[in-house]
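One structure below.
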């Protein structure tokens with residue numbers, strides 16, 4: 001069972017429906033059953049050492065031959081709430097691309113990962129006409145059973161830092177891949193680092209080109225650019 005669905009269960013009333021279905025469990029699982037990939041991506045306490053209030057800043061770059069590319073930004077505002085850690089409010093992309101995000105109370109893991117996946121699932125639905133819950137299921141299953149984890153090194157603000165890279169291809173071994181064959185080899189990469197603000201350095205999806213030597217037909221990369229003091233998220237209106 002997916003750890004993220006247990007960790008964010010207090011957020012049930014405020015999460016968007018697609019994201020909510022992906023992360024909320026019927027019952028909490030035994031933590032000993034979680035895979036290393038699940039723990040790194042969904043359960044580590046990414047936000048606990050972040051100064052409050054803070055704004056995490058990420059760049060977002062979409063490229064490839066399949067559709068027009070763009071560059072945009074993501075902002076995650078964090079306010080500490082005593083022992084419970086943090087209230088989080090985010091702006092994921094801007095203008096017409098902006099993903100509306102409600103405030104999340106009592107967050108410890110960085111929800112930018114779930115925001116990224118929320119948008120990705122919506123994009124998969126748009127591009128393939130498939131059902132969001134099917135893509136959610138494939139990501140959950142692959143995170144548990146097939147994700148690869150390796151130690152790596154990143155460079156952030158001039159420093160080399162240790163990190164962990166989690167990779168998965170949710171649709172590669174799907175018996176029903178013929179329904180969306182063009183996107184079946186899509187690959188997801190999560191780069192986590194305890195020594196960067198917010199614990200999440202980079203998230204990336206890549207759809208390979210027609211030939212192994214070709215650049216990705218479609219690639220989206222979100223990368224941490226820095227952290228700034230405040231502003232604190234505004235309290236939700238009742």
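Among the residues in the stretch 151-162, are any touching a residue at least 24 places away in the same chain (Cβ under 8 Å) and touching a helix residue (DSSP H, G or I) at 6+ places or on another chain (Cβ under 9 Å)? No, the conditions are met nowhere in the stretch 151-162. Taking (1) within 23 Å of residue 66 (Cα to Cα); (2) buried (at least 17 other Cβ atoms within 10 Å of the Cβ); (3) in contact with a helix residue (DSSP H, G or I) (Cβ under 8 Å, 6 or more places away or on another chain); (4) touching a residue at least 40 places away in the same chain (Cβ under 8 Å) in turn, residue 147 satisfies each apart from (1). Of the numbered criteria (1) surrounded by fewer than 20 Cβ atoms within 10 Å (Cβ to Cβ); (2) assigned to a loop (DSSP other than H, G, I, E, B); (3) out of contact with any strand residue (DSSP E or B) (no Cβ under 8 Å at 6 or more places or on another chain), the one residue 171 fails is (1). Exactly one residue out of 116, 156, 70 is in contact with a strand residue (DSSP E or B) (Cβ under 8 Å, 6 or more places away or on another chain) and over 22 Å from residue 192 (Cα atoms): that is 70. Residues of the stretch 128-140 that are assigned to a helix (DSSP H, G or I) and over 16 Å from the mean Cα position of the chain (by Cα): 128, 133, 134.
Just checking, does the stretch 53-61 include any residue being over 16 Å from residue 203 (Cα atoms), out of contact with any helix residue (DSSP H, G or I) (no Cβ under 8 Å at 6 or more places or on another chain), modelled with pLDDT of 90 or more and in a strand (DSSP E or B)? Looking through the stretch 53-61, at least one residue is over 16 Å from residue 203 (Cα atoms), out of contact with any helix residue (DSSP H, G or I) (no Cβ under 8 Å at 6 or more places or on another chain), modelled with pLDDT of 90 or more and in a strand (DSSP E or B). Considering the conditions (1) more than 20 Å from residue 40 (Cβ to Cβ); (2) out of contact with any strand residue (DSSP E or B) (no Cβ under 8 Å at 6 or more places or on another chain), residue 138 is excluded by exactly one of them, (1). The residues of the stretch 192-213 that are touching a strand residue (DSSP E or B) at 6+ places or on another chain (Cβ under 6 Å) and either more than 16 Å from residue 159 (Cα to Cα) or surrounded by fewer than 20 Cβ atoms within 10 Å (Cβ to Cβ) (or both), listed by number, are 195, 198, 203, 204, 205, 206, 207.
The values are calculated or read from the model by the stated rules, or taken from the named source; none is laboratory data. Model, not experiment: these values are computed from the prediction. Backbone-built Cβ (ideal geometry, glycine too); neighbour counts: all protein chains shown.
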